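Visitor: Have a look at the structure that comes next, please.
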Amino acid sequence: MTSHLIAHEPPDLLKLLAHELRWKLVQQLVHSDLRVQELAERVARPLNLVSYHLAQLRRGALVIERRSSSDARDVYYSLDLRRLQRLYHDAGVALHPALIECREQRKEDQAAAVAPARRSPVRVLFLCTHNSARSQMAEAMLRRLGGDAVEVHSAGSEIREVHPLAIETMAERGIDIRGQRSKSVEEFAGQRFDYIITVCDRMREVCPVFPGEPEQVHWSIPDPAAVEAAMQKQAFLDVAEQLAARLDFFVKALAADAMADATQF
């Protein structure tokens, strides 16, 4: 009757996140990719200490580092959301399967909660330098995921035509972006957004200020059009996968926020 209660070592994930500083670092990286200096400022800890614990998180394969495409001296740190989700699920199962069953049901309830709980759509603007690939793909994918709950746009600082491989990659996911066009960020000057999401490092450095203090989010995603021609198709597929993972979590976070707001009325 009690065989399932045999003591086991806590899962590695729980050991890793049990440290207060590592927990705070993960909390920051859930929302946005950041450089080590920015993380140190946000958690108010010395740079060397933050670097040490980032190394621990990298060894646990929770955090990924990538050289900035804007300045190679900078390194952006991002959270592997899919891996964290999987390990979190496994940790719950290790304690008791019923914990995960309850969580999965709540997640299904949240998935459809954004639109009815909000009085107006969430306004999101994706930005990358040329508004030809990453931001165009993100715009289309969030519009599909969020439906009427979001109003989503994309733009760039140096506009070009929408890349043919972006159109092809989205078509393989059942999303037609042939009607989308590359737009200058100046088209949206003075408009209010809830979220400004930069999906390239160069654009983050020159991102203009928007009114209303929108939440600034950065996803450090490499430019799929910058690799050799023979590798571009796979690069676009990889970007689509990265965006799909990030947007899935983004929409679920919006749903959770909408449900929390609804309970206050």
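The values are calculated or read from the model by the stated rules, or taken from the named source; none is laboratory data. These figures come from a predicted structure and were not determined experimentally. Counting neighbours? That spans all protein chains shown, and the Cβs are built from the backbone with ideal geometry, glycine included.
Visitor: Would you confirm whether or not segment 183-191 contains a residue that is assigned to a loop (DSSP other than H, G, I, E, B), at pLDDT 95 or above and assigned by TED's automatic domain parsing to the domain that holds ILE167?
Guide: The answer is yes; a qualifying residue exists.
Visitor: So LEU165 fits all but one of (1) over 21 Å from the mean Cα position of the chain (by Cα); (2) part of a loop (DSSP other than H, G, I, E, B); what number is the exception?
Guide: If we test LEU165 against (1) over 21 Å from the mean Cα position of the chain (by Cα); (2) part of a loop (DSSP other than H, G, I, E, B), just (2) comes out false.
Visitor: Right, here's the next one. So which of GLU151, GLU241 is assigned to a helix (DSSP H, G or I) and surrounded by fewer than 19 Cβ atoms within 10 Å (Cβ to Cβ)?
Guide: GLU241
Visitor: Further question on the same structure: Sort through LEU57, LEU5 and tell me the only one that's at pLDDT 95 or above and over 15 Å from the mean Cα position of the chain (by Cα).
Guide: LEU57
Visitor: So which residues in segment 62-82 are assigned to a loop (DSSP other than H, G, I, E, B) and more than 12 Å from VAL26 (Cα to Cα), if there are any at all?
Guide: The answer is SER68, SER69, SER70, ASP71, ALA72, ARG73, ASP74.
Visitor: For segment 228-245, which positions are in contact with a helix residue (DSSP H, G or I) (Cβ under 8 Å, 6 or more places away or on another chain) and modelled with pLDDT of 95 or more?
Guide: Selection gives GLN232, LYS233, ALA235, PHE236, LEU237, ASP238, VAL239, ALA240, LEU243, ALA244.
Okay, residues lined up against (1) in contact with a strand residue (DSSP E or B) (Cβ under 6 Å, 6 or more places away or on another chain); (2) under 19 Å from ASP238 (Cβ atoms):
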site	(1), (2)
VAL122	yes, no
PHE126	yes, yes
SER132	no, yes
ALA149	no, no
ILE177	no, yes
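Visitor: Okay, moving on. Would you say ILE196 is at pLDDT 95 or above, under 16 Å from VAL124 (Cβ atoms) and either assigned by TED's automatic domain parsing to the domain that holds SER220 or surrounded by fewer than 20 Cβ atoms within 10 Å (Cβ to Cβ) (or both)?
Guide: So ILE196 passes the test.
Visitor: I'd like the full set of residues that are more than 16 Å from GLN136 (Cα to Cα) and either assigned to a strand (DSSP E or B) or out of contact with any helix residue (DSSP H, G or I) (no Cβ under 9 Å at 6 or more places or on another chain) (or both), limited to segment 207-227.
Guide: Listed by number, the residues that qualify are VAL209, PRO211, GLY212, GLU213, PRO214, GLU215, GLN216, VAL217.
Visitor: Something else now. Would you check if ALA258 is free of Cβ contacts under 8 Å to residues at least 12 places away in the same chain and either assigned by TED's automatic domain parsing to the domain that holds VAL152 or over 17 Å from ILE167 (Cα atoms) (or both)?
Guide: Details: free of Cβ contacts under 8 Å to residues at least 12 places away in the same chain: no; either assigned by TED's automatic domain parsing to the domain that holds VAL152 or over 17 Å from ILE167 (Cα atoms) (or both): yes.
So ALA258 does not fit the description; no.
Visitor: How many of the residues making up segment 9-61 are part of a helix (DSSP H, G or I), closer than 24 Å to PHE250 by Cα and of a type in the set (Lys, Arg)?
Guide: 4
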